[in-house]
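Everything on this sheet refers to the single structure shown next.
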Amino acid sequence: MFIIINKYPFMVDLFLFAIYSYCTTEYEQGKIMKIISRKEAVEFGQTRFYTGKPCKKGHIAERFTSNGVCVTCAAKHASDYRKEINRLLQQARKMVRAAQEVS
């Protein structure tokens, strides 16, 4: 496959953005990502964008176009949430077992 640059110059940018969109973060993948604004990412129909700037927690990673949240922060939050749910489930199971033993 080849791209005719003179006839369709915008296709080069779309092609490069498609390649870069497969990287999760510059830090994790060791790849240089194309900096793109949230507005441009929405226009291209992408779910994530990369600003090159750190989030509030200091992660230099992609962000979601839907809410602007850092991908790394979202993954950590989801992991912490799953751990908390598992802890609560174990606690509830212990309470049920204790109640069954009393009966």
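Table for the structure above
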{"quantity": "Order of Phe49, Phe64 under a 10 Å beta carbon neighbour criterion, fewest first", "calculated": "Phe64, Phe49"}
{"quantity": "Neighbour net charge for Leu88 - beta-carbon separation under 12 angstrom, K R +1, D E -1", "calculated": "+4"}
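Taken together, the values in this text are just the output of simple stated rules run on the coordinates, not laboratory data. Worth saying up front: this structure is predicted, and the values here are computed from it rather than measured. FYI the Cβ positions are ideal-geometry reconstructions off the backbone, even for glycines, and counts take in every protein chain you see.
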